[in-house]
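Structure first, commentary second.
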Amino acid sequence: MTELEKKQSRAPVPSGWDYAPAPEARDIVRIEERYGHFVGGEWLEPRETYTTIAPASEEPLAEVGQATPEEVRSAIQAARDAFQNGWSALPGSERAKYLFRIARILQERSREFAVLESLNGGKPIKESRDVDLPLAAAHFFYYAGWADKLEYAFPNRRPKPIGVAGQIIPWNFPLLMLAWKIAPALAAGNTVVLKPAETTPLTALLFCDVVRQAELPPGVVNIVTGDGRTGVEIVKGDVDKIAFTGSTEVGKAIQRELAGTGKRLTLELGGKAANIVFDDCALDQAVEGIVNGIYFNQGHVCCAGSRLFVQESIYEDVVKKLKRRMKTLRVGDPLDKNTDVGAINSRQQLEKIKELVAAGEQEGAEIYQPPCKLPEKGYWFVPTVFTNVAQSYRIAQEEIFGPVLSVLTFRTPDEAVEKANNTPYGLSAGIWTEKGSRILWMAERLRAGVIWANTFNRFDPASPFGGYKESGFGREGGRHGLEPYLEFE
Ligand code: NAI
Ligand code: MG
């Protein structure tokens, strides 16, 4: 064989235009067999444990603690001691140094964190690498900048830290939600006890190593793992504030529990955002925005654009382009760099999605799912769109928290506003139009905490985030995000 022929036999002409597998290496992360609770700067051997898995393969990853009431109490005590023994009295410029360090270490170790996040949570590595990690670091950088400027942030109001914050976070953006909670709390001079969600504890546990590396005084950050039972103990414990992100149901229970106790509370709960497309918009960009709005992070996004409102005159066009675009979404291995849609976070969440999708079909909506081969093991759901949806259907009312879009129509801006606001939630909304005046007119009338115009799912630490109505109260991010962690004389 000549040299040329040999080369050709090694590189056959591709038979299709599929992407070759491009898996990210896992060996950058070392996962321990067993984790305890991080209390007072030490690892506390857990009394009870459970197994955390990779949702894409159901592979067991590690044993982690299910914190008991006593273990939660000792974490809160460690936070209290750290608050009283110096942290709260430290000059803001000193606190800032720690936060800057944490931010830099997160940047340095970002690949490690991104791989672990995708492994334990199921989200595409493309997203954990390009969204979760950079934003988590940015959050620490941002609040580091405020730590020594609180007097300027709130002139003539003498801001003071409030004490120990109990922080309970969900599984959809595990490390990013940790950053949203811990960065402002520490910048304001508080100490924290944080509980990650039971399905995604590993990046929070790896973060303990960052805390150690940054030489944060022991007890300033304490991490306990476990399910809702552990959450209940934090809420009932001797904390001065609870910050919660999760379901509206649990949010309401927490609010009832805290009523009359004087403990402060912020709640960031569910959503059913309207993404509103007018006939004068840039159509192809809007279709990208629709796809990003609902299929980003498998739709496990509280501010997901899960209700699409299309102006009647362009309805056919939008649906046609949307379906065509959906056919190109790559569903599969979260660690593959080409994956667009990863695994559903848990069996429980998959069941919930299936139940609501079945309800949608039963109520009479028309379902479309692109042809798609799903892996055999793990939890998966094909990106789905429903047309012929009435406002009363469950799929138009309830948060699905999965890759499922409901399409509705409208004729006039007034009708769009009325339909968009017809929901118990009010977290976010999107508007697609060429007219700036129409964006402002709509934004004034939409009852949603965040409104995007000609884009969707954009986050910035400098911009406050939070809801109306059953989406919760209090703001995270920006200068607003400091207020819940401060007392004013
Ligand atoms: P969840 O609200 O039960 O869990 C969120 C966090 O709260 C977890 O850390 C959990 O361990 C903790 N928790 C659970 N029960 C608690 C209690 N009684 N007291 C204190 N903490 C408690 O949410 P879940 O069950 O994981 O998901 C159910 C639905 O909630 C999802 O399908 C979705 O619709 C919505 N959700 C909304 C999120 C958001 O970002 N707004 C995040 C996660 C879920
Ligand atoms: Mg729950």
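Please treat every number below as a calculation from the coordinates, not as lab data. All of these numbers come straight from a predicted model, not from anything done at the bench. Glycine also receives a Cβ, built like all others from the backbone with ideal geometry; neighbour counts cover every protein chain displayed.
Give me, ordered by chain and number, the residues 5 or more places off Gly226 or on other chains with an amide H under 5 Å from its own placed amide H.
For Gly226, whose amide H was placed from the backbone, the distant partners under 5 Å are Ala67.
I'd like the projected area of the chain, averaged over all directions, using the convex hull of its alpha carbons. Report it in nm² with one decimal.
26.0
Roughly how many Å is it from the Cα centre of the range 436-472 to that of the range 107-175, as a whole number?
Each part's Cα centre sits 21 Å from the other's.
Tell me the relative contact order for the chain as a rounded percent, counting alpha carbon contacts under 8 Å between residues six or more apart.
RCO, the chain: 18 percent.
Can you give me the P(r) profile for the range 94-162? Cα pairs, bins 10 angstrom wide beginning at 0, each as a whole percent.
Whole-percent P(r) values from 0 Å outward: 21, 37, 23, 16, 3.
To the nearest 500 deg cm²/dmol, what mean residue ellipticity at 222 nm is calculated for the chain from DSSP H runs of n ≥ 4 alone, each contributing -39,500 (n - 2.57), summed and divided by the residues?
Theoretical 222 nm ellipticity from helices: -11000 deg cm²/dmol.
How would you rank Ser93, Ser471, going from fewest to most other Cβ atoms within 10 Å of each one's own Cβ?
By the 10 Å Cβ count, ascending, the order reads Ser93, Ser471.
Convex hull volume of the Cα atoms in the range 126-258, per residue, in Å³?
Spread over its residues, the Cα hull of the range 126-258 gives 123 Å³ apiece.
Using every alpha carbon pair in the range 274-453, what percent of pairs falls into each 10 Å bin from 0 up to the bin containing the largest distance?
All Cα pairs considered, the percentages come to 10, 40, 36, 13, 1.
Name the long-range amide H neighbours of Gly41: under 5 Å, sequence gap of 5 or more, or other chain; modelled H, no Pro or chain starts.
Close amide H contacts, sequence-distant or interchain: Gly219.
How large is ³J(HN,Hα), in whole Hz, for each residue of the range 121-138 in order, when computed from phi with the Karplus curve 6.51 cos²θ - 1.76 cosθ + 1.60 and θ = phi - 60°, using x for Gly and Pro?
For the range 121-138, the Karplus-derived couplings read x, x, 7, x, 4, 3, 7, 5, 6, 9, 10, 4, 5, x, 6, 4, 4, 4 Hz, x marking Gly and Pro.
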